[in-house]
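The values are calculated or read from the model by the stated rules, or taken from the named source; none is laboratory data. Please read these numbers as outputs of a predicted model, since none were measured by experiment. Neighbour counts run over all protein chains shown; Cβ positions are idealised from the backbone, glycine included.
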Amino acid sequence: MKETVMDLQNRRSVKEFKKEQVSDAELMEVIKAGMNAPTGGNKQSPIIIAVQNPEWIKKLSKLNAEIAGAPEGFDPFYGAPTVILVCAQKGVGDPVEDGSLVVGNMLNAGYALGLGTRWINRIRQTFETDLGKELLKECGYEGEYIGVGSCILGYPAGDYPAPIPKKDNYYKIVK
């Protein structure tokens, strides 16, 4: 079986990370994988914002937890040292679908590099707030963007979780 297929079948979401920051080389490999995701009509509507600044991560974590209605002090980023946010330009191609493929590619690339990853939701709501708009502006992005999803990234603190059984009717083949 090809290594890529094995990686796709074995990747799991991680909730425990070491504090050590991922290397710049590993981060760029993950970002490049995201940049090479297919986009409708090759319009390339997504943008990728990799946040490693602890203060920004803290602000984003607090906001994400508030949006989720999580208890005080809950960290929806599970202590990951890198949070990669994906937005897509409104009105360009298929922004949500395109951005979702970007996140998916980054999740899989992270696993292939031996990193822990996990998709985190509530990014749409994040970029509807003043804080989200401030981050876009700080990064030099102008215009209207839709928050799509995020990939938290870091070195796993333990083993990858075991696979869970798949539902019986997960697929059908029509011939």
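Within region 136-166, can you find the residues that are hydrophobic (A, V, I, L, M, F, W, C) and in contact with a strand residue (DSSP E or B) (Cβ under 7 Å, 6 or more places away or on another chain)?
L136, C139, I146, V148, C151, I152, L153, A157
If you take the residues in region 55-73 that are within 23 Å of Y155 (Cβ to Cβ) and surrounded by fewer than 15 Cβ atoms within 10 Å (Cβ to Cβ), which one is nearest to the chain's Cα centre (by Cα)?
That would be K58.
Just give me the residues in region 11-37 being over 24 Å from G140 (Cα atoms) and surrounded by fewer than 12 Cβ atoms within 10 Å (Cβ to Cβ), in sequence order.
Matches in region 11-37: K19, E20.
I need a count of the residues in region 151-175 that are within 18 Å of D75 (Cα to Cα), part of a loop (DSSP other than H, G, I, E, B) and not hydroxyl-bearing (S, T, Y).
1
Select, from V148, V83, V103, the only residue that is out of contact with any Phe, Trp or Tyr (no Cβ under 8 Å at 6 or more places or on another chain), crowded, with 20+ Cβ neighbours inside 10 Å and either closer than 17 Å to I31 by Cα or not aliphatic (A, V, I, L, M) (or both).
Just one listed residue meets the conditions, V148.
Would region 88-110 turn up any residue that is under 15 Å from S61 (Cα atoms) and not in a helix (DSSP H, G or I)?
no
Just checking, how many residues over region 53-72 are among the aliphatic types (A, V, I, L, M), out of contact with any Lys or Arg (no Cβ under 8 Å at 6 or more places or on another chain) and in contact (Cβ under 8 Å) with a residue 24 or more places away in the chain?
3
Please find, within region 122-150, the residue that is modelled with the lowest pLDDT out of those that are under 22 Å from D75 (Cβ atoms), outside any helix (DSSP H, G or I) and among the hydrophobic types (A, V, I, L, M, F, W, C).
Applying the filter and picking the extreme gives F127.
Inside region 9-52, can you point out the residues that are within 25 Å of G132 (Cβ to Cβ), in a loop (DSSP other than H, G, I, E, B) and touching a residue at least 60 places away in the same chain (Cβ under 8 Å)?
Result: V14, K15, Q21, V22, A37, T39.
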